[in-house]
Amino acid sequence: MNRGSREKFYFWRDSNGNEVDLLSVLGDKIKAYEIKSNKTARKKFSDNLVSFRNVANINPQDTAVIYGGSEKYIFNNTDYLPVASHKVC
């Protein structure tokens, strides 16, 4: 907000209980993030992001899992980024 950004943040949950922890919306651009405290990356962490991508018709590069580990990975065409090295905003 201090930089004049009009970016808005949301949480998403569908009627089946699928959810995404953080949606960042700026204009018509949506980015989606799943946030996990686990230090071990698990492929299933991105399942809800994949569901959301299909519903919202957004590109995989606009989604990421941010987790407590130290290595970068790609599962389900989704970046897994260590929390210490990722700046969301």
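The values are calculated or read from the model by the stated rules, or taken from the named source; none is laboratory data. What you see is a predicted model; the values in this text were computed from it and never measured. Don't worry about glycine lacking a Cβ; one is built from the backbone with ideal geometry, like all the others, and counts go over all protein chains shown.
When segment 20-46 is examined, which residues are found to be acidic (Asp, Glu) and at pLDDT 95 or above?
Scanning segment 20-46 gives 21, 34.
I'd like to check something: does segment 52-62 contain any residue that is free of Cβ contacts under 8 Å to residues at least 12 places away in the same chain, of a type outside the set (A, V, I, L, M, F, W, C), assigned to a loop (DSSP other than H, G, I, E, B) and closer than 18 Å to residue 7 by Cα?
Checked against the condition, which is being free of Cβ contacts under 8 Å to residues at least 12 places away in the same chain, of a type outside the set (A, V, I, L, M, F, W, C), assigned to a loop (DSSP other than H, G, I, E, B) and closer than 18 Å to residue 7 by Cα, segment 52-62 yields no hits at all.
Can you name the residue in segment 1-25 that is in contact with a helix residue (DSSP H, G or I) (Cβ under 9 Å, 6 or more places away or on another chain) and in a loop (DSSP other than H, G, I, E, B) and is also surrounded by the most Cβ atoms within 10 Å (Cβ to Cβ) among such residues?
Only one residue fits best here, namely 18.
Quick check on my filter: what residues within segment 1-51 are among the basic types (Lys, Arg) and over 12 Å from residue 64 (Cβ atoms)?
Of everything in segment 1-51, those that are among the basic types (Lys, Arg) and over 12 Å from residue 64 (Cβ atoms) turn out to be 3, 6, 8, 13, 29, 39, 42, 43, 44.
Which one is surrounded by the fewest Cβ atoms within 10 Å (Cβ to Cβ), of the residues in segment 26-50 that are more than 19 Å from residue 73 (Cα to Cα) and over 12 Å from the mean Cα position of the chain (by Cα)?
Looking at residues that are more than 19 Å from residue 73 (Cα to Cα) and over 12 Å from the mean Cα position of the chain (by Cα), I get 28.
Which condition number does residue 75 fail, the rest of (1) surrounded by fewer than 16 Cβ atoms within 10 Å (Cβ to Cβ); (2) out of contact with any strand residue (DSSP E or B) (no Cβ under 7 Å at 6 or more places or on another chain) being met?
With (1) surrounded by fewer than 16 Cβ atoms within 10 Å (Cβ to Cβ); (2) out of contact with any strand residue (DSSP E or B) (no Cβ under 7 Å at 6 or more places or on another chain) applied to residue 75, the lone miss is (1).
Tell me which residues, restricted to segment 57-69, are within 13 Å of the chain's Cα centre (by Cα) and either over 12 Å from residue 33 (Cα atoms) or surrounded by 15 or more Cβ atoms within 10 Å (Cβ to Cβ) (or both).
Answer for segment 57-69, where residues must be within 13 Å of the chain's Cα centre (by Cα) and either over 12 Å from residue 33 (Cα atoms) or surrounded by 15 or more Cβ atoms within 10 Å (Cβ to Cβ) (or both): 58, 59, 60, 62, 63, 64, 65, 66, 67.
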